[in-house]
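Contents: one structure, followed by commentary.
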Amino acid sequence: MDRPIRVVIAKLGLDGHDRGAKIIARALRDAGMEVIYTGLRQTPENIVEIAIQEDADAIGLSSLSGAHNHLFPKVPERLREKGAEDILVFGGGVIPEKDIAPLKEAGIAAIFTPGTTTTSVIEFIRENVGR
Amino acid sequence: MDQISAIKSGDKRAAAKLISMLENNNPKAAELLQRCAAPSVRAKVIGITGAPGAGKSTLTDQLTKNLLKNHKKIGIIAVDPSSPISGGAFLGDRIRMSDLNSQPDVFIRSMATRGALGGISKAVSGAIRVMELFGADYIFIETVGIGQSEIDVAGLSDIVVLVVVPGMGDDIQAEKAGILEVSDIIVVNKADHEDTNRTIQQLKSMMGLRMKLHPEEPVGEDSEIEIVSTIATTGFGLADLLEAIDARQIREQAGGLTGSSEKRLRAELLDLIYKKVESEFMDFDEKTLSLSISVVNILEERSNPFLETERLLEEFMKWRSTTC
């Protein structure tokens with residue numbers, strides 16, 4: 001059935017830099033998706049709870065503070081605990097090359113670093129949401 | 001466990017999935033809901049409407065926190081507009097309700113209007129049913145907030161709360177919107193603003209004028225719209241607002257209760273009928289391509305839209321009586 005893809009865009013932890021998250025949110029909206037924007041300072045538990053209540057197809061995490069290795073993996077972990085591991089998780093922000101492989105290992109389906117075009121994020125979501 | 005039992009036992013994922021099915025016009029959703037008996041106790045549905053930035057989300061957040069203290073279960077339906085160009089939407093009401101995200105007794109659902117006018121989404125009445133199955137005692141419907149097309153919420157709510165802020169727009173704006181006529185309680189939020197008293201006075205004089213123009217309407221307590229001033233960010237006036245909501249509720253119950261429940265059921269039934277007719281008509285069109293034939297007829301100037309409407313309806317009724 002043709003229906004808008006629903007994506008939660010979230011900022012984890014104490015990171016207050018939300019410009020990137022807002023740009024992605026806007027781009028996804030313009031691509032016909034319904035974006036649920038959580039606002040700042042969310043915990044992994046909160047983000048998973050939001051994604052469940054909103055019946056989201058995907059969660060996008062944004063980090064510019066360097067805490068991604070610590071915070072990102074907790075989201076897929078929590079999704080598994082809640083039996084909601086079918087929800088796609090992707091991340092973006094200032095993330096060093098060497099961190100990408102372990103994050104993918106931990107269940108983050110893709111990491112988008114500075115310079116990524118919004119088109120490639122949109123395409124990735126369209127191709128990978130489970131439906 | 002089936003989906004309905006799961007929702008009744010408090011499974012938020014099952015509830016969220018059913019709301020999505022309703023939003024996507026999945027016929028299975030109606031089938032599921034048909035099979036469950038009507039809940040004996042219906043939730044109190046409170047519509048929250050008002051201009052963007054008036055403080056609807058923050059007020060909903062504060063009201064919910066207050067009700068949680070009394071061990072109530074709360075459902076929140078927050079509607080934001082879909083882009084008419086892309087069909088996408090930016091749903092941002094949760095930003096102001098961050099503390100409620102992980103509350104076990106709160107279920108929040110953001111909804112895009114998906115082309116519906118009137119300030120709410122077409123799936124809201126279904127979502128109310130789902131939240132009632134989930135066990136919600138109170139359901140808040142937060143409208144889009146464009147300000148001048150928000151009256152659809154009135155049909156689905158027991159109580160409509162209009163949120164205004166001092167110094168924003170004059171009294172004519174509110175009069176134009178028609179929203180004053182369907183409001184039960186007016187909240188003057190951000191009441192630490194210097195224009196607060198003036199705004200309250202303007203609202204009062206507008207309501208006084210209404211009474212003079214419509215003397216046949218009941219006077220006294222029943223017709224009175226309560227005005228409450230609040231500062232949602234600090235919680236100031238919230239107790240007064242809750243009291244006003246309860247008082248309204250008690251007054252209605254004393255009056256035989258039927259008023260708002262009847263109104264809600266009427267709106268819900270009409271809504272379901274529209275949806276059903278629309279989807280059946282689409283089926284009919286898919287099988288017969290009648291709409292395209294009509295369009296060609298009109299384009300080639302053999303007919304006009306008014307004639308074609310009659311013809312289409314006749315054909316549709318015939319088709320329906322043979323297939324159903």
Checklist outcome for this item: Looking at segment A:25-43, residues buried by 50 Å² or more relative to their chain on its own, accessible surface at probe 1.4 Å, turn out to be A:29, A:34, A:37
Item to check | Neighbouring partner chain Cβ atoms per residue of B:100-113, average, 10 Å criterion | outcome: 4
Checklist outcome for this item: To the nearest Å², the heavy-atom accessible area per residue of segment A:6-128 with 1.4 Å probe amounts to 42
Checklist entry - What whole-number value in cubic angstrom gives the convex hull volume per residue for the C-alpha atoms of the protein assembly as shown? => result 190
Checklist entry - Chains B and A: what accessible area do they bury, summed, in square angstrom to the nearest 100, with a 1.4 Å probe? => result 2400
Checklist entry - Whole number please: convex hull volume per residue of the Cα set in segment B:27-115, in Å³? => result 140
Checklist outcome for this item: For residue B:72, counting only aspartates and glutamates whose alpha-carbon sits under 15 Å away and dropping same-chain residues fewer than eight positions off, the answer is B:61, B:105, B:132, B:137, B:246
Next on the checklist: Let me understand chain B better: what is its radius of gyration from the alpha carbons, and its Dmax, in angstrom?
Outcome noted: 21.9, 67
Checklist entry - Cα atoms only, segment A:6-128: Rg and Dmax in Å? => result 12.7, 34
Checklist entry - Can you list the lysines whose alpha carbon sits under 18 Å from that of residue B:17, skipping same-chain ones fewer than 8 residues off? => result A:82, B:8, B:28, B:122
Next on the checklist: Counting only other residues whose beta carbon sits under 15 Å from that of residue B:229, what net charge do I get with K and R as +1, D and E as -1?
Outcome noted: -3
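The values are calculated or read from the model by the stated rules, or taken from the named source; none is laboratory data. Computed from a prediction, not measured in an experiment: that's the story for all the values here. Cβ atoms come from the backbone with ideal geometry, glycine included; neighbour counts cover every protein chain shown. Quick note on the areas: whole protein, heavy atoms, side chains included, nothing else; ligands and nucleic acids left out. Shrake-Rupley method; radii C 1.70, N 1.55, O 1.52, S 1.80 Å.
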